[in-house]
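Taken together, the values in this text are just the output of simple stated rules run on the coordinates, not laboratory data. All figures in this text were calculated on a predicted structure; none of them were measured in a lab. All Cβ positions, even for glycine, are placed from backbone atoms using ideal geometry, and neighbour counts span all protein chains on display.
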Amino acid sequence: MNKMDKLNMHSLNKVDDNIAKIGQLFPNSLTERKNEKGVVEYAIDFDVLRQELSSVIVEGNEERYQFTWPDKKQSILLANAPIAKTLRPCPEESVDFDSTENLYIEGDNLDVLKLLQETYLGKVKMIYIDPPYNTGNDFVYEDDFAQSTDEYLANSGQFDEEGNRLVQNNESNGRFHTDWLNMIYPRLKVAKDLLSDDGVIFISIDENESDKIKHLCDEIFGASNYRNQLLVRRRIKSLNIQFAENGLNRFNVGFEYVFVYSKSDDFAFNPLRMKKINASEKGSWNVFWSNADRPTMRYNVLGFIPTTGQWRWQKLLADEAVENYIEYEQKFASKISLEDYWNSTGKTKRFVRRISDGYGKNGGVQYWVGPSDTSLRTSNWTDVEVSQIAKDYDLPFENPKNVDLIKTIVSSLSEKDFIALDFFSGSATTADAIYRLNAEDGGNRRFIMVQIPEVTHEKSEAYKAGYKNICEIGKERIRRAGKKILEEQKAKNKGLFDEEAPKLDIGFRVLKLDSTNMKDVYYNPSEYTPELFSSLTDNIKEDRTPEDLLFQVMLELGILLSSKIEKTVVNGKTVFNVYGNTLIACFDNDINDATVKAIAQQKPYYAVFRDSSMASDSVASNIEQIFATYSPTTERKVL
């Protein structure tokens, strides 16, 4: 008979997980020891493990190739240490909170990645990050390596007494590269676990730390999974002009880099396409010779007969192109892309359509050869810029990434239905790019944006405009991007096939990192005497809502944070049903047998209650019998 198990309510302890994996490979190395609290726990006997690996292990001062820096071991411990934190939902700042599958998470990205690592283990197809470049003016995350595991578990990610969480990493700092490496290493290490086996990570960086990021990624992802180092244009500047940086004269390189690593050999790239800039987009006809004069080649195309010049095509080819246009517009428009139409029907890539701004004053006919308005990308990436000076949404954010760069990166994946993660999201360009790509090709890409709420300077334009931190800018950018794209789609469709067109997900669910919902007694009950227990009526913090508890439970049970949530009332009690009976939870007080029975009859995979929510001891004791009768396979959990 299944019993009511207590949830852990903190992130995975990677050390325990690693010990279990080593124990499976070498059972004789698994032993037991007493920890600092006197509790017996599993551990690895390294003498035995060394013996098992005696032919390959490297010890002592023996010379070998390695990449290291001060505090590297501490950064590994930091990546593995568990935290007692949670993500709290914020519906009022979200768009389409109940239906969207996109996430925007505010908080220190290391803590957020740790909270996601079980739920999204192997579920993220693509990661793109644009971390601090360590130019001497960038800020790095201040992680305290001096704390013990227990202190870190209780305090990690908290702001200091002055509210500071980010520190400026000046080049005069003797730990200039060390601090940056200690910042980026644990985040990449945890992020790797989120990638699917056929997943890929793209990392934007400049010359300051490009060599370091290569070494880091070779170690974390494996040198064999290095896919390339893309050269991407910064902004158009003369390469012959020297400029002063930190007192040094240097050539302006004019380029930045995007490092690409896959999780394994399973990853496959998609042929990249780019916007095709040609005369037809400017209104001229590349099927029309204005300086030629063959009257027999002046015939009717979509109601237009030229009086001078001539068509380049024979009428038979022109008629075929018109037929393709009519068939696509009437049968397939808004349903599939033009390229998919060609591929699925076997039609020639000859296509004529009417446009409003044709050649001169003669009307309007446009001709396409090849997939829609795109063509295969050239042999380099230098035609794509890193920085975008123009601000598409009139938002005060300096040097946002060019959305076309991110679109190109995302489109390199062969799939159109996956989760993309950006844990240095900044102005949320990645979210914007995913919205646009989905609108263009009918994809179902979902995003997870993570950004620490870095405050804006009081003298900055962002602060003056009312944006107190970067997250406020990012969220507003996504709202405006979604609204703009939806308006463009409606204008393009002109009301045709709206009921059959795929619905774009232009929403996002906002979650905010916070301390755990549980009081300390939940994690350390042995430290409380019976007298103290009598004064503690509940183990949940007073300021936490049922929705707060639900999302921490979802994290604990590995249920996607974008899952659909239905909120109903059963016998006067609020009941949450997550992802079609995967989880049913009720956190109200005074729950009686009737409520428990109604939940059990829905046969959920998980059922979760508060420890203190039962109306009486008899209800608590009856839970097992009720579920045994109506849903014996349900996993019952208690807070």
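Brief remarks on what is shown
- The label-point distance for GLU487 and GLU32, in a model that sets each label 7 Å from Cα toward Cβ, rounds to 6.8 nm.
- Residues LYS484, LYS490 arranged by fewest to most Cβ contacts within 10 Å: LYS490, LYS484
- Residue-span extension gain [MET4 to GLU542] - 0.36 nm each, minus C-alpha spacing: 191.3 nm
- Most positive-pole-ward Cα, ASN8, THR31, ASN18, against dipole of the stretch 1-48 from beta carbon charges: ASN8
- Fewest neighbouring Cβ atoms within 10 Å first, the residues PHE424, PHE255 line up as PHE255, PHE424.
- Residues THR307, THR634, sorted so that the one with the fewest Cβ neighbours within 10 Å comes first: THR307, THR634
- Taking amide H positions as modeled 1.01 Å from N, with prolines and chain starts lacking one, the residues under 5 Å from ARG446 and 5 or more places away or on another chain are PHE418, ILE419, ALA420.
- Span from the the stretch 81-103 Cα centroid across to the the stretch 438-490 one, whole angstrom: 16 Å
- This model, with +1 at the C-beta of Lys and Arg and -1 at the C-beta of Asp and Glu, gives the stretch 7-127 a dipole about its Cα centre of some 300 debye.
- With R₀ set to 35 Å, the beta-carbon distance separating THR178 from THR568 gives a calculated FRET efficiency near 0.05.
- Separation between Cα centres of the stretch 217-232 and the stretch 173-216, rounded to whole Å: 11 Å
- Links that overshoot a 22 Å alpha carbon limit, given the list LYS114/LYS189; LYS123/LYS519; LYS72/LYS189; LYS407/LYS483; LYS263/LYS416: LYS123/LYS519
- Most to least packed among 449-456, 4-11 [average Cβ atoms within 10 Å]: 449-456, 4-11
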